[in-house]
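First up is the structure itself, then whatever we jot down about it.
Each reported figure results from applying straightforward, stated rules to the coordinates on display, with no laboratory input. Only a predicted model underlies this, so the values are computations on that prediction, with no experimental measurement involved. Cβ atoms come from the backbone with ideal geometry, glycine included; neighbour counts cover every protein chain shown.
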Amino acid sequence: LTRIKLKYEEKNAMYHTFVENYFKQMNNQKIAVLGAGNIGLSIINGLLDNPAFDPKNIYATRNKIEKLAFLEEKGVNVSRDNAKCVKDAEIVMICVKPYKVANIIEEIKENIDPDRTIILSAATGVSLSQISEMIGMNVPVFRIMPNIAIEIKESMTCISHNDVSEEKVDQILDIFNNLGKAIAIDEELMDASTVLGACGVAYVLRFIRAMMQGGIEIGFDADTAATIAYQTVKGTGELLLKKGLHPEREIDKVTTPKGCTIAGLNEMEHQGFSSSLIKGIVTSFSKI
Ligand SMILES: NC(=O)c1ccc[n+]([C@@H]2O[C@H](COP(=O)([O-])OP(=O)(O)OC[C@H]3O[C@@H](n4cnc5c(N)ncnc54)[C@H](OP(=O)(O)O)[C@@H]3O)[C@@H](O)[C@H]2O)c1
């Protein structure tokens, strides 16, 4: 049985290498990530984890490039030279803090080719029109709002764009659908998408942490409580996504009349569970 399993794995590995090489040949998009910090690096890690993207077609910049040595070892083009990267790549993702966007655009402006370059910005609160104005020419511009789960190709990414062809919108959606799930939204919802999709990661993490604390109090060691909490959250999310279910209907299935689930759930609501989450989301939104 072990020998058959090994042979199967060997064949499987060969098949995967073939598919990987095929995709890499098909996909020659050159992608530059300017500002490989938290989100920029997560995007690069997601790209590297995907057979559709070849490391030699990925460009990464930051000031402290010594922190990107491991990317260089993987074949990524690492430098401090934003302008040079824009010359080499067609898809340029600006992933610096919002107050640095203008400086970066000033640096790269000369190398932007309106017929070739597509500009993507992850910067919160910097509008499409502001970016276009900084660039000073008619270039395809997208705002992107991914979250850190992009690192494992499980991001929720919302995008909005200026007046660009449908083909370009599909091209950008395609990149982010390879890194999780991507949807195009109106620009006026970009701040809301920042809160729900990007800040949302922190809310879910705090929820998981609280579940772990509860789990420990009722008898589990920390590691076991963590495993149960992580898998429960993952499984519940996937159940809703894959089956297109509504949370409230599923709650009905889990709550036996007079049972322990409904008693706990109602106590959470008496303590303001849903209300505090909603108020937190609205407060985050008011701070953008
Ligand atoms: N973090 C998230 O979950 C998230 C999600 C969605 C969107 N965003 C948005 O993404 C942007 C970046 O956020 P972040 O959390 O990733 O910040 P961050 O960790 O501070 O990353 C920004 C990076 O930009 C680099 N940088 C600064 N000046 C540069 C320059 N002139 N040329 C090249 N690189 C430069 C910095 O490198 P050095 O440290 O080497 O100077 C740093 O690594 C923000 O606008 C934020 O709104 C963040």
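Is at least one residue of the range 224-233 loosely packed, with under 14 Cβ neighbours inside 10 Å and touching a Gly at 6+ places or on another chain (Cβ under 9 Å)?
Checked the range 224-233: at least one residue is loosely packed, with under 14 Cβ neighbours inside 10 Å and touching a Gly at 6+ places or on another chain (Cβ under 9 Å).
Could you check the range 169-183 and list, in sequence order, the residues that are part of a helix (DSSP H, G or I), touching a residue at least 24 places away in the same chain (Cβ under 8 Å) and not β-branched (V, I, T)?
Within the range 169-183, Q171, F176 meet the criteria.
Cβ-Cβ below 9 Å, separation at least six or inter-chain, first residue in the range 113-126 and touching a residue at least 40 places away in the same chain (Cβ under 8 Å) and at negative phi, second within 11 Å of the ligand (Cβ to nearest atom) and in a loop (DSSP other than H, G, I, E, B): which pairs?
L120/C95; A122/G35; A122/C95; A122/V96; A122/P146; T124/K97; T124/I288
Taking the range 31-59 as the search range and keeping residues that are within 15 Å of the ligand (Cβ to nearest atom) and over 20 Å from E154 (Cα atoms), which one is surrounded by the fewest Cβ atoms within 10 Å (Cβ to Cβ)?
G35
Got a number for residues in the range 193-236 being under 20 Å from the mean Cα position of the chain (by Cα) and of a type in the set (D, E, K, R)?
Residues in the range 193-236 being under 20 Å from the mean Cα position of the chain (by Cα) and of a type in the set (D, E, K, R): 2 in total.
As an exercise: evaluate I65 against (1) of a type in the set (V, I, T); (2) within 14 Å of the ligand (Cβ to nearest atom); (3) surrounded by 17 or more Cβ atoms within 10 Å (Cβ to Cβ); (4) over 23 Å from L173 (Cβ atoms) and give the number of the one condition it does not meet.
(3) is the only condition that I65 fails.
Listed here are the residues, each with its yes/no results for (1) of a type in the set (D, E); (2) surrounded by fewer than 22 Cβ atoms within 10 Å (Cβ to Cβ); (3) within 14 Å of I44 (Cα to Cα).
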{"residue": "T61", "(1), (2), (3)": "no, no, yes"}
{"residue": "A69", "(1), (2), (3)": "no, yes, yes"}
{"residue": "N77", "(1), (2), (3)": "no, yes, yes"}
{"residue": "A83", "(1), (2), (3)": "no, yes, no"}
{"residue": "K87", "(1), (2), (3)": "no, yes, no"}
{"residue": "S132", "(1), (2), (3)": "no, yes, no"}
{"residue": "P146", "(1), (2), (3)": "no, no, yes"}
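For the range 111-137, which residues satisfy the criterion of being β-branched (V, I, T) and within 13 Å of the ligand (Cβ to nearest atom)?
Answer for the range 111-137, where residues must be β-branched (V, I, T) and within 13 Å of the ligand (Cβ to nearest atom): T124, V126, I131.
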